[in-house]
Each structure stands twice: as structure tokens, then as C-alpha cells.
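Notes follow the structure.
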């Protein structure tokens, strides 16, 4: 497995990133079961054996269950957390969140970003994530709110680095003007162009 450094970070990551979108069972609020957990464990163990150290999550993946089953793997091998890179994403709110009848939508508000990251850390049972991405552009973004959330998450040691997913160059440029942190990744471009 080849490894690369991500520009403006201390991260050395595998050339292949494993997307955890479909581990943890079904896309609903039904809890994961023993079979789901075993499948996830077998998959992640295989991925690790291939030398992959970069794992991509999102708060919505299988309604949070992908992070929960991943936490079980981390619990079984406590040395693993120091050997891997965990990335997660926030900003998409699923239908009926938090009230029945609300549509699926984007939410980059300060309060939602903070609450989402706290949920991610709780589900993963870890003190920090290496990279947080804003999950697709929010057309109603208030960049000052994003900046405030990023500042708090960084100062409290909950997130090391920040990026975006599926954003255009102009959307990144606008957001970067407000941030004290460097946007290190645009996930679509990152995958398409590999590494700097």
C-alpha cells in the first residue's frame, strides 16, 4: 500500500480510503444486530490487513450505526486508534430530524455542527476525529457560524483538521475567507486528483 502526506497536515494516509457508508446494517432507526456487527468487523479487519489506514464516515451513514459498529472494533483493539485516520462528515439532516414531518435538508449552523460532532465522537467512542468535512454545500450557509463551530471544535481538541465534500472552488473560497483553519480536503477533488 502506498502512503501519502496530505498538504498542510501531519497526516500520512493510505492511497485507498475505505468508505464506511454501508456498514452497520440498514438505513433506518432499527439498531444494528450481531450479524451486522460481525460483517463490519470482518470487513474492517480485511481492510486493515490490506494496509488501509484512512476511514471515511458520516453522521448519517446507516443512521449513525456505521460509527457505532466501528467503535466496537476500536474497543476490541485499543491500540488501533493511534494507527488509523478517522474522517467523518456532518451537515445533512435526514427526514424527520429532529421533528416528524421535516424534510431532508442541509444544516451548517453552529449549533448543528457542534451537536453533530459530539454525536460522532460519542458513537465512535473516541475523544477526537482527525478530519471533519462539511457534507455537501448548504445553500443557506452562514460562514461566520461555521467559523465559530470550527474554532470551538479545534480549541477543545475534538477535530484536528477540516475540509469539505462536493464543494465548488468558489464555495470553498468564500468559506475559507472566514475560517482560521485551512480547508485541507474537498473530498470529490481529493479522490479525483489524488494528493498534492
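The values are calculated or read from the model by the stated rules, or taken from the named source; none is laboratory data. Keep in mind it's a predicted model, so treat the numbers as computed, not measured. As a convention, Cβ positions derive from the backbone with ideal geometry for all residues, glycine included, and neighbour counts pool all protein chains shown.
Given the criterion modelled with pLDDT under 95, crowded, with 16+ Cβ neighbours inside 10 Å and under 26 Å from residue 164 (Cβ atoms), identify the matching residue among 84, 73, 6, 52.
6
When residues of the range 35-49 are filtered for being in contact with a strand residue (DSSP E or B) (Cβ under 8 Å, 6 or more places away or on another chain) and crowded, with 20+ Cβ neighbours inside 10 Å, how many remain? Selection size over the range 35-49: 1.
Just one of the listed residues (32, 63) is touching a helix residue (DSSP H, G or I) at 6+ places or on another chain (Cβ under 7 Å), surrounded by fewer than 23 Cβ atoms within 10 Å (Cβ to Cβ) and either assigned to a helix (DSSP H, G or I) or touching a residue at least 24 places away in the same chain (Cβ under 8 Å) (or both), namely 32. Among the residues examined, residue 39 qualifies as at negative phi, free of Cβ contacts under 8 Å to residues at least 24 places away in the same chain and assigned to a helix (DSSP H, G or I). Has the range 69-78 got at least one residue that is closer than 21 Å to residue 21 by Cα, part of a strand (DSSP E or B) and free of Cβ contacts under 8 Å to residues at least 40 places away in the same chain? The answer is no, given that none of the residues of the range 69-78 is closer than 21 Å to residue 21 by Cα, part of a strand (DSSP E or B) and free of Cβ contacts under 8 Å to residues at least 40 places away in the same chain. When the range 9-29 is limited to residues that are in contact (Cβ under 8 Å) with a residue 60 or more places away in the chain and in a loop (DSSP other than H, G, I, E, B), the one that is surrounded by the fewest Cβ atoms within 10 Å (Cβ to Cβ) turns out to be 15. Go through the range 136-165 and report how many residues are within 28 Å of residue 82 (Cα to Cα) and modelled with pLDDT under 95. Here the count works out to 1.
Among the residues of this structure, residue 47 does not count as one that is touching a helix residue (DSSP H, G or I) at 6+ places or on another chain (Cβ under 6 Å) and either within 22 Å of residue 10 (Cα to Cα) or in a helix (DSSP H, G or I) (or both). The residue of the range 182-196 that is farthest from residue 19 (Cα to Cα), among those that are surrounded by 18 or more Cβ atoms within 10 Å (Cβ to Cβ) and modelled with pLDDT of 90 or more, is 183. Residues in the range 84-126 that are more than 22 Å from residue 21 (Cβ to Cβ) and touching a helix residue (DSSP H, G or I) at 6+ places or on another chain (Cβ under 9 Å): 109, 110, 111, 114.
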